[in-house]
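Heads up: the structure comes next, in structure tokens.
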Amino acid sequence: MYPELFRIGNFPINTYGVLLALAFLSALLVAAKLAARDGLPRERVYDLGLWMLLAAIVGSKVLMLFTEPEYRENPLRLVSLDFLRSGGVFYGGFVAAILAGYFLIRRYKLPWWKTADAFAPGVALGSAIGRQGCFAAGCCWGKPTTLPWGVEFTEAGHEVTGVPLGVHLHPTQLYESFGALLIFFFLLWLHRRKHFSGQVILFYAVLYALMRFTIEIFRDDPRGDILGLTTLTGLSTSQMLSIIIGTWGLVVLILRWRRATHDEEKVSSTPDTARA
């Protein structure tokens, strides 16, 4: 891990912040390219992406107020340069970005499902890059392990995030980074072969939820307990959100797939003379 790249005078340039910026830029460029392939206006996609980026940053910080006691006690940390080191709950940013995207897509008069499909692979790529930043900062760490790929963090990371020292931990940041990268390549492949609009973003919702729920089993960093639900259910906040978002994505995916299949069967059964 390497939490700080270099300094400009006394100002630190943190690895997390640099990789986070790279993640957003990569996601936006991929979304713009896929949107152009689908005939969507590139300029609108860039505008949409930037507003969704802002919403994601705000949403990820707001959810931290509910999950991490240190931020509830000192909310001003959320608007300080501390966010460049680490911080932000992915699902908070994801939900906020979806909400912002929904209203802006309607305002820009863009097709919702087609636009969401263009953004989905980029979001997965951004997650893959962003989790490398988490690994560099030392946040989002895993439980102790004796597996050969267990990692031990340095004193520099402990000072920033409080990650345990002197013990080998599951590299949960890398688990999610590599998992998200696989999802990115799958969604990129799917985007060229999708049978209906919405198939890509819905597959992303299901696959990410499944991956995140599993990885949460191996995480060990403190993330609070919203309304006592973690104590009551034994599930983390992200696991509960994974169940909600994953279930929603699967149900809508099945419904839209059935509708698309029905429409295809209806068209194929129509006589050529009638279609002419």
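The values are calculated or read from the model by the stated rules, or taken from the named source; none is laboratory data. Values in this document were obtained by computation on a predicted structure and should not be read as measured data. In this analysis, Cβ positions are derived from the backbone assuming ideal geometry, glycine residues included, and neighbour counts consider all displayed protein chains.
Checking each residue in the stretch 230-271 for being surrounded by 11 or more Cβ atoms within 10 Å (Cβ to Cβ), part of a loop (DSSP other than H, G, I, E, B) and small (Gly, Ala, Ser) picks out only Ser236. Of all residues assigned to the stretch 135-150, none qualifies as being part of a helix (DSSP H, G or I), surrounded by fewer than 18 Cβ atoms within 10 Å (Cβ to Cβ) and in contact (Cβ under 8 Å) with a residue 40 or more places away in the chain.
Given the structure, is Ile217 under 22 Å from Cys134 (Cβ atoms) and β-branched (Val, Ile, Thr)? Here the answer is yes, as Ile217 does meet what is asked.
Would you confirm, using the coordinates I've provided, whether Tyr91 is assigned to a helix (DSSP H, G or I), surrounded by fewer than 19 Cβ atoms within 10 Å (Cβ to Cβ) and modelled with pLDDT under 90? In short, no.
Residue-by-condition table, conditions (1) among the hydrophobic types (A, V, I, L, M, F, W, C); (2) farther than 21 Å from Gly92 by Cβ; (3) surrounded by 19 or more Cβ atoms within 10 Å (Cβ to Cβ):
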{"position": "Phe153", "(1), (2), (3)": "yes, yes, yes"}
{"position": "Val167", "(1), (2), (3)": "yes, yes, no"}
{"position": "His170", "(1), (2), (3)": "no, yes, yes"}
{"position": "Leu190", "(1), (2), (3)": "yes, yes, no"}
{"position": "Leu202", "(1), (2), (3)": "yes, no, yes"}
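Within the stretch 176-200, residues that are of a type in the set (Lys, Arg) have Cβ atoms under 6 Å from residues that are crowded, with 21+ Cβ neighbours inside 10 Å and modelled with pLDDT of 95 or more in these pairs: Lys194/Val200, counting only partners at least 6 apart in sequence or on another chain.
Counting only residues that are charged (D, E, K, R) and out of contact with any helix residue (DSSP H, G or I) (no Cβ under 7 Å at 6 or more places or on another chain), which one in the stretch 189-208 is farthest from Gly39 (Cα to Cα)?
Taking the candidates together, the pick is Arg193.
Being assigned to a helix (DSSP H, G or I) and at pLDDT below 75 is the requirement here; does Asp82 meet it? So Asp82 passes the test. Only residues that are under 12 Å from the mean Cα position of the chain (by Cα) and crowded, with 18+ Cβ neighbours inside 10 Å were counted across the stretch 173-188, and they come to 6.
Taking the listed residues Phe184, Phe153, Phe196, the one that is hydrophobic (A, V, I, L, M, F, W, C), over 24 Å from Val62 (Cα atoms), touching a Leu at 6+ places or on another chain (Cβ under 7 Å) and not in a helix (DSSP H, G or I) is Phe153, with no other qualifying. The set of residues from the stretch 101-131 being buried (at least 18 other Cβ atoms within 10 Å of the Cβ), more than 17 Å from Ala55 (Cα to Cα) and either at pLDDT below 90 or basic (Lys, Arg) (or both) comprises Lys114, Arg131.
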